[in-house]
Every structure is written in C-alpha cells, then in structure tokens.
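J.: Got a structure here, written out as structure tokens. Questions coming.
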Amino acid sequence: MKRERGFTLLELMITIVILCVLLGLAIPGFSNWVPNYRLRGAVRDIYSNFQYAKMTAVRDRAGCGVLFDRASDLYRVVSSGPNRTFESTASAVGGDDVVLRTVNFSEYGSGLSYGHGAATVTAATPPGTDWDNEVTFDEDGVMFDSRGMILRPAGGASGGGYVYVQNNRNNTYAAGVWASGVIVMRRWTGTAWQQ
C-alpha cells in the first residue's frame, strides 16, 4: 500500500499563523502609504494636465487651459473651441469652449482637497505664492497660447502660479507654472519645499 503525501493539519495551521503575523505587521505601514500615494498621484496628474494643455494649445494653435473649481474639488482642461476665444471660468464652461478632461479629487479616494496642509511659509516657499489661496493663478486657472506661453483665462499676461493639494494627513504637494511657461511640481517635506 502506497502512502499519500501532503500537508498535515499542524503544518497548515503554522503557515496560517505566520501569514497572519506578517499581515498584521504590514497593514499599518500600508495604511500610512496609501494616502500619500493618492496625493502624489493627484498632483502628478495636475502636472501632466498642465503639459497636456500646453501641448494641445501649441498643436491646435488655439488657447487651452486648466481651470480649478475649488468649491467642488475638481478641475477641467478646456480648449478655446472653434472661435479660438476662451470664454470659460473656473466654475462654468462658456461659449463654444470644449472640455477635454474633468478631474474630481474624489476619483483618487477620500481625503484629497485643495489646501496647504501642514505647509508653512518659509524662505523657500514658491515665488508668487498668495498664502491665503490654495490656487494662486489669476482667475483660478492658467491658459496657454499657441506658443506655449501662459495667459490669464480672461486674457492678458500672467505671472504664473501654483495649486496646492492636501490629504487628510496634512501632507501637501504643489504643481505650478512659472511666467516663462515652465511647469513644476513640489512637495512639502515638513520643513521646506522640495522640487
């Protein structure tokens, strides 16, 4: 008679206990990592959408911009449409402007909103920062022209600005566009802004 080989009940129970202990050690670290991962992902998407708006404006030879609706925790990438005149505002799309993308912070999970979190004003605070606002762009948005230069949504030159996003753990990231059209992303380390 041939003996069957397999796991004994004792071996299976020991394996389950070891897995439970490892999971118990890993879950706290994972739960601290997830909110920061979501925050970083949201601000990287803002950074990418700045790039997308700039490239779309140059490609289509028309205005394209990003408008931030702080009351609704969302933003839109909007093209100026066939008449090449930008008529949208942060809270409403106007005229024949075309919404290319709408991004709501709730898509990243709970806890994301516009804000400074635990960040404070330091000597290294991004230039042009109006610390009373989470969005420092004129008219809560930035517009790119056909040369990739930035304008105010209503027209006219812009000095650039930043948008600050925080999570429920008071961590903060910022994405911005300088007057020269350079797009940047920064992270608050607890004592300073890091690019």
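J.: Looking at 72, 48 in this structure, which one is under 20 Å from the mean Cα position of the chain (by Cα) and modelled with pLDDT of 90 or more?
T.: On the way: 72 fails: modelled with pLDDT of 90 or more.
Going through 72, 48 in turn, the sole match is 48.
J.: Same structure, new question: Scan 62, 57, 26, 42 and give me the residue that is touching a Cys at 6+ places or on another chain (Cβ under 7 Å) and either under 25 Å from residue 138 (Cβ atoms) or without any contact (Cβ under 8 Å) to a residue 60 or more places away in the chain (or both).
T.: Step by step, each of 62, 57, 26, 42 is checked, and only 57 is touching a Cys at 6+ places or on another chain (Cβ under 7 Å) and either under 25 Å from residue 138 (Cβ atoms) or without any contact (Cβ under 8 Å) to a residue 60 or more places away in the chain (or both).
J.: Also: Can you pull out the residues in the range 1-40 that are among the polar types (S, T, N, Q) and surrounded by fewer than 10 Cβ atoms within 10 Å (Cβ to Cβ)? Before the answer, list the steps.
T.: Initially, the range 1-40 is screened for residues among the polar types (S, T, N, Q), giving 8, 15, 31-32, 36.
Passing the criteria: 8, 31.
J.: Which residue pairs have Cβ atoms closer than 9 Å, lie 6 or more positions apart in sequence or on different chains, and pair a first residue in the range 93-115 that is more than 17 Å from residue 70 (Cβ to Cβ) and without any contact (Cβ under 8 Å) to a residue 60 or more places away in the chain with a second residue that is basic (Lys, Arg) and surrounded by 13 or more Cβ atoms within 10 Å (Cβ to Cβ)?
T.: Partner pairs satisfying both residue conditions: 99/76; 100/76; 101/76; 110/38.
J.: From the residues in the range 167-195 that are surrounded by 22 or more Cβ atoms within 10 Å (Cβ to Cβ) and polar (S, T, N, Q), which one is farthest from residue 140 (Cα to Cα)?
T.: Here the answer is 167.
J.: Can you pull out the residues in the range 136-195 that are basic (Lys, Arg) and either within 17 Å of residue 88 (Cα to Cα) or part of a loop (DSSP other than H, G, I, E, B) (or both)?
T.: 147, 152, 169 - these are the residues of the range 136-195 that are basic (Lys, Arg) and either within 17 Å of residue 88 (Cα to Cα) or part of a loop (DSSP other than H, G, I, E, B) (or both).
The values are calculated or read from the model by the stated rules, or taken from the named source; none is laboratory data. In this text the structure is predicted, and so the values were computed from the model without any measurement. Glycine also receives a Cβ, built like all others from the backbone with ideal geometry; neighbour counts cover every protein chain displayed.
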